[in-house]
Amino acid sequence: KQRIGIVTSGGDCPGLNAAIRGVARASYGMIDCEIIGIKDGFKGLIHCNYQVLTPRDFSGILVRGGTILGTSRTPFKKMRKIEEDNIDKVKNMVNNYEKMKLDCLVTLGGNGTHKNANLLREEGLNVIALPKTIDNDIWGTDITFGFHSAVDIATEVIDRIHTTADSHDRVMLVELMGHKAGWLTLHAGVAGGADVILIPEIPYDINKVIASLDKRHSSGKDFSILAVSEGALSIEESNMKKKELKKLREKMKYPSVSYRLAKQINEALGLETRVTIPGHQQRGGSPSPYDRILATKLGAYAAEMIAGKDYGKTVSVVNNKLWATPLKQVAGKLKLVEKDNLLISTGKLVGASFGD
Ligand code: F6P
């Protein structure tokens, strides 16, 4: 019997359970195997916390949000560091992989997880990764599971904001997740008809944002909606060193970008402003049908790779086809929004250094 370990790591998102089920069901169908669920992310591998799962464990989880295995963040930077607990994390993971008698390990996660998966590959483990994140920023794949569900949720927030913005003649700022990548804000902003979209990849010019709102309101519009990534930066901030910016944020009364923007807009135009931050709602709840299918397909593809002993790779979607990309190519790279990705909405990216 082949022993297949599965671990979910990093921030959760809708579709993790669908992917776990996809790997398990397809593997049961193809090879004589046993599925070992590693608990609470890489922590479980470090501390040998696992459970042997049975086919019944995968029943009814397709539509369930979160992850039945639990998850945690184990930053790549710290993996090789021996901390106060004196634990050699990498050594433990390699030893526990042996102890659990695993033939391979399937990691479900985002960028940090891909870096950790690549590290384990370098340590000689048989690893296969699946791309999960609401940020959609994993290099080499057109889409990650979780993204579509988050776009649905964020779009609904913007849709609902319209009526209240209209009733009160307000400028409403909706702050969406994404520290480095603006895919979620861009897509939800376009789908929800936001008037201004600000993303981390394109530092904004506050004067352009204000001028565009002024123009809109002078032309008779009573309300405006801004979709803002949590990681959006002004041009001035984008020119600062990371440490400098961190210090500045610590001193700020409003460290959240949308509150700062709301104040600036109110002071410049006298318009009433409000901020909505849906936060972790964007990661919660049942996956969209699209994500259920995507996660199932990716999981089943991983099972085919397990059957073919095709390790050291992550499953990617390239031009609608599934593909296995070497982990060493993916680890440490981000897929960010570029000018070419803005085709649909250049007019909406206001305050940007290009596109408006
Ligand atoms: O990486 C996914 C993500 O949802 C980011 O968009 C967000 O900034 C971050 O995780 C939030 O992380 P946490 O759940 O640790 O607060």
From the Cα trace of segment 30-151, what convex hull volume per residue do you get, rounded to a whole Å³?
130
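Order by neighbour count: THR54, THR185, fewest other Cβ atoms within 10 Å first, most last.
THR54, THR185
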Sorted largest first, extent of segment 1-84 alpha carbons per principal axis (Å):
43, 29, 16
Report, by chain and number, residues whose modeled amide H sits under 5 Å from the one on CYS104, excluding near sequence neighbours (fewer than 5 apart, same chain).
ARG3, GLY5
Based on the mean of other Cβ atoms within 10 Å per residue, sort peptides 325-335, 191-201 so the most packed one is first.
191-201, 325-335
In debye to the nearest 20, the charge dipole size for the chain, taken about the Cα centre with +1 at each Lys and Arg Cβ and -1 at each Asp and Glu Cβ, equals 980
Estimate the FRET efficiency between HIS47 and LYS215 by the formula 1/(1 + (r/R0)^6), using the beta-carbon distance for r and 51 Å for R0, to the nearest 0.05.
0.30
Have a look at LEU213, ALA194, ILE138 and report the one farthest towards the positive end of the charge dipole of segment 79-223, computed about the Cα centre with Cβ charges (Lys/Arg +1, Asp/Glu -1).
ILE138
So ASP166 and GLU122, fully extended at 0.36 nm per residue minus their Cα-Cα distance, gain in nm 10.3 nm
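Show that you can apply the helix-only estimate: for the chain, add -39,500 (n - 2.57) for every DSSP H stretch of four or more residues, divide by all residues, and state [θ] at 222 nm to the nearest 500.
Details: 13 runs with 141 residues, N = 356.
The helix contribution divided over the chain gives -12000 deg cm²/dmol.
Between ARG56 and ILE293, how high is the FRET efficiency from 1/(1 + (r/R0)^6) when r is the Cβ-Cβ distance and R₀ = 25 Å? Nearest 0.05.
According to the calculation, E is roughly 0.60.
With N set to the residue count of segment 278-338, report its C-alpha Rg divided by 2.2 N^0.38 Å to two decimal places.
1.35
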Using only Cα atoms, what is the ratio of the radius of gyration of segment 229-268 to 2.2 N^0.38 Å?
1.16
Taking θ as phi - 60°, what are the ³J(HN,Hα) couplings along segment 30-38 by the Karplus curve (6.51, -1.76, 1.60), each to the nearest whole Hz, with x for Gly and Pro?
9, 9, 7, 8, 10, 9, 10, x, 8
Give the percent of DSSP beta bridges with both residues in segment 1-138 that are antiparallel, rounded to the nearest 5.
20
Once amide H atoms are built 1.01 Å from N in the peptide plane, which residues 5 or more positions from THR273, or in another chain, come under 5 Å H to H?
VAL171
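Nearest 0.05, what FRET efficiency do LYS333 and ASP88 give at R0 = 25 Å with Cβ-Cβ as r?
0.35
Please rank ASP214, ASP291, ASP205, ASP137, fewest neighbouring Cβ atoms within 10 Å first, as an exposure proxy. Each step should come with its number before you reach the end.
On the way: ASP214 14, ASP291 28, ASP205 17, ASP137 24.
The fewest-first ordering by Cβ neighbours comes to ASP214, ASP205, ASP137, ASP291.
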Along its principal axes, what span do the Cα atoms of segment 166-290 show, with the longest given first and each in whole Å?
43, 40, 23
Mind pulling the per residue volume of the convex hull built on the Cα atoms of segment 83-157? Å³ is fine.
129
What translational diffusion coefficient, to the nearest whole µm²/s, does the chain have by Stokes-Einstein, given a Kirkwood radius computed over alpha-carbon pairs, a temperature of 10 °C and 1.306 mPa s viscosity?
74
Rounded D (µm²/s) - segment 120-223, Kirkwood Rh over Cα pairs, Stokes-Einstein at 10 °C, 1.306 mPa s
100
Go through segment 247-260 residue by residue and turn each phi into a ³J(HN,Hα) via Karplus (6.51, -1.76, 1.60, θ = phi - 60°); whole Hz please, and just put x for glycine and proline.
4, 4, 4, 4, 7, 6, 6, 10, x, 7, 4, 6, 5, 5
Just order 63-74, 271-282 by mean Cβ neighbour count inside 10 Å, highest at the front, would you?
63-74, 271-282
Given 165-172, 19-26, the highest-first ranking by average Cβ count within 10 Å works out to 19-26, 165-172
Could I have the simple spin-label model distance between VAL318 and LYS81, label points 7 Å from Cα toward Cβ, reported in nm to one decimal?
3.5
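Only the coordinates and a few stated rules stand behind these numbers; no lab work does. Being a predicted model, the structure only gives us computed values, none of them experimental. Please note: Cβ atoms are built from the backbone with ideal geometry, for glycine as well, and neighbour counts cover all protein chains shown.
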